[in-house]
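See structure below.
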Amino acid sequence: MKKISLIPVLVVGVLLLYAADDFPEWGNPTAPASASSLSSHFISNTGVDTEVPNMVTAVLADYRGFDTMFETVVVFIAGMAVLAILKGSSGPFSKNKKYTSSIEPDLIVTNTVRLLVPVIQIFSFYVLAHGHVSPGGGFQGGVVMGASFIMIALSWDLETALVRFPLDKCFLVAALGIILYGGIGLLSMFLGGEFLDYAELANILPVSREMARYHAMLGVEIGVGLTVTAIMFALYANLSTEGKLKGGL
Amino acid sequence: MIDWFAMLVGGSLFLFMVPLLYRIWVGPTAYDRILAVNVIGTKTAVLLVVIGALFDRVHMFVDFAIAYALLNFLASVVVSRYLNRTAAERNVEEKTKGARA
Amino acid sequence: MLKKKRKEQERKMKDSSFIPVLAETMTSSLNDLNIIQIFGFLLGVLGLIFFLGAAVGMLRFPDFYTRMHAAGKGDSMSTMLMLSGLGLVTMEDYSLGSWLVFVKIMGIVLFIYLTSPTSTHVLMKAAFEDNHMPLDEKDLKKAKGKKK
């Protein structure tokens, strides 16, 4: 079976390699992706409109902010769905596990993680806040932050991590992130613009309209980061213990 | 000079990863495989810095490399933890079976 | 038709761009090297040698624990040497910004020096508790007998 499945993999691989030859060259200005009016608009206007050096962040959090907001909501719904299915389940999922062995936390791993976790969390803040200038942003920073909590849960056990970040607080924080995102959008609506039209925030912030968009993007990214952090950890806690929240992996 | 050096290091890294890929393919136990994956992951962090040197953006790719090294560590801890737990449960099952017999 | 075109393209690429450019960069850049870049270059090549050792060890050693010995040591050492070599070579001017990048690269080295031995240790512990015993003399004798 393994060898038969190798044949389609090889065929598809060869076809993909054959097709990869027809791609436009890297950085070619006449390639279809670069030649459309949309990308030239973004390239010429991002610096003027928003003062954000990183075009990707500007497009993600500002030009298509509506889309990103509902992406965050999708992340939240995924966490809710896992919780709704697994919460309090003891039936069909845990049939095979009669015995749950307890593993002693390893001395070397716990001490290494003790050293690493603060560094990782500061690095996640750096990724989140530096997303305007270098690659990064809310999703990436949130994942790194969630990974630090998962690391605690792995090296001690899940209870230790749940003391630091309880599950009900997880969903509170996740909802807070979405409220922060939508709140910035609504605030700009009340100030006279459209939904998620950050430039109107200049009425209450002591900065220019372009810098207002810059700062509002940071706020939006923080909202995304909060949601992703909390949902990452909640997903791990629920899925690794089949909803029992005891012992962990 | 930088381009030439980065091409040398990157190409050799890819070349020397081939034995590790062979170990992942053949590796008699799961531990051999995850060990080889771990080595490849560490070398991918180096490879990211090499790519940064090729594109003249080392300051940007360094951040990727840190994140990649972090996820690599997390992956190997997760897998060994999982294997550890399944082994412990298998041991207990064998013991109970032996006691019954 | 398409094949012919492609072949022509390939031929063009071969003789027009790649190799002469490589040779040109080599000869032109060898003139304006400073001592730090040469040092970084040597470090990088030394790291490649160490990584070759790790790869050969992974390929040739007989059981898991010996392979782990090769992988753990060679991996950490070669990573440190290669990254510090790259950090020294890519430093253009010796301003604060380029030193910051070098310090960040050293941060990666520190990170890998903390995490790589830890993950090796975790793997070793998992394998040992799985009753996965190292080879002993009996096994070696058996293997020799098989070869004969």
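Test residue B:58 against the stated conditions and say whether it is at the interface with another protein chain (Cβ under 7 Å from one of its Cβ atoms), free of Cβ contacts under 8 Å to residues at least 24 places away in the same chain and under 18 Å from residue C:65 (Cα atoms). Judged against the criteria, residue B:58 is not a match. Based on this model, can you work out whether residue B:23 counts as within 8 Å of chain C (Cβ to nearest Cβ) and touching an Asp or Glu at 6+ places or on another chain (Cβ under 8 Å)? Considered against the rule, which asks whether it is within 8 Å of chain C (Cβ to nearest Cβ) and touching an Asp or Glu at 6+ places or on another chain (Cβ under 8 Å), residue B:23 comes out as yes.
Quickly run through the stretch C:94-148 and pick out the residues that are assigned to a loop (DSSP other than H, G, I, E, B) and within 7 Å of chain B (Cβ to nearest Cβ). Can you show your working first?
Filtering the stretch C:94-148 down to residues assigned to a loop (DSSP other than H, G, I, E, B) leaves C:94-95, C:130-136, C:148.
Hits for the stretch C:94-148 are C:130, C:132.
The set of residues from the stretch B:61-82 being in contact with a Ser or Thr (Cβ under 9 Å, 6 or more places away or on another chain) and either acidic (Asp, Glu) or touching a residue at least 40 places away in the same chain (Cβ under 8 Å) (or both) comprises B:63, B:76, B:80. Residue count for the stretch C:61-77 under the criterion of being at the interface with another protein chain (Cβ under 9 Å from one of its Cβ atoms) and farther than 20 Å from residue C:133 by Cβ: the result is 3. Could you go through the stretch A:148-160 and let me know if any residue there is at pLDDT 85 or above and among the charged types (D, E, K, R). The answer is no; no qualifying residue exists.
Every residue in the stretch A:129-145 that is buried (at least 23 other Cβ atoms within 10 Å of the Cβ) and at pLDDT 90 or above, please. Break it down into steps so the answer makes sense when it comes.
To start, the set of residues in the stretch A:129-145 that are buried (at least 23 other Cβ atoms within 10 Å of the Cβ) comprises A:131, A:136-138, A:141-142, A:144-145.
Listed by number, the residues that qualify are A:141, A:142, A:144, A:145.
The residues in the stretch A:1-55 that are outside any loop (DSSP other than H, G, I, E, B), over 30 Å from residue A:200 (Cα atoms) and among the polar types (S, T, N, Q) can be counted, and the count is 2.
Residue by residue, here is whether (1) more than 13 Å from the chain's Cα centre (by Cα); (2) farther than 28 Å from residue A:156 by Cβ; (3) part of a helix (DSSP H, G or I) holds:
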site	(1), (2), (3)
B:19	yes, yes, yes
B:23	no, yes, yes
B:44	no, yes, yes
B:62	yes, yes, yes
B:65	yes, no, yes
B:74	no, no, yes
B:79	no, no, yes
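Is it the case that the stretch C:45-62 has a residue that's surrounded by fewer than 22 Cβ atoms within 10 Å (Cβ to Cβ), more than 21 Å from residue B:15 (Cα to Cα) and of a type outside the set (Lys, Arg)? Yes; the residues of the stretch C:45-62 include at least one that is surrounded by fewer than 22 Cβ atoms within 10 Å (Cβ to Cβ), more than 21 Å from residue B:15 (Cα to Cα) and of a type outside the set (Lys, Arg). Reported count of residues in the stretch C:46-71, each being within 26 Å of residue B:52 (Cβ to Cβ) and touching a helix residue (DSSP H, G or I) at 6+ places or on another chain (Cβ under 6 Å), is 10. Here residue A:144 fulfils each of the conditions (1) facing another protein chain (nearest Cβ under 9 Å); (2) more than 11 Å from the chain's Cα centre (by Cα) apart from (2).
The values are calculated or read from the model by the stated rules, or taken from the named source; none is laboratory data. Because the structure is predicted, anything quoted here is derived from the model rather than measured. Using ideal geometry, Cβ is built from the backbone for each residue, glycine included, and neighbour counts are taken over all protein chains shown.
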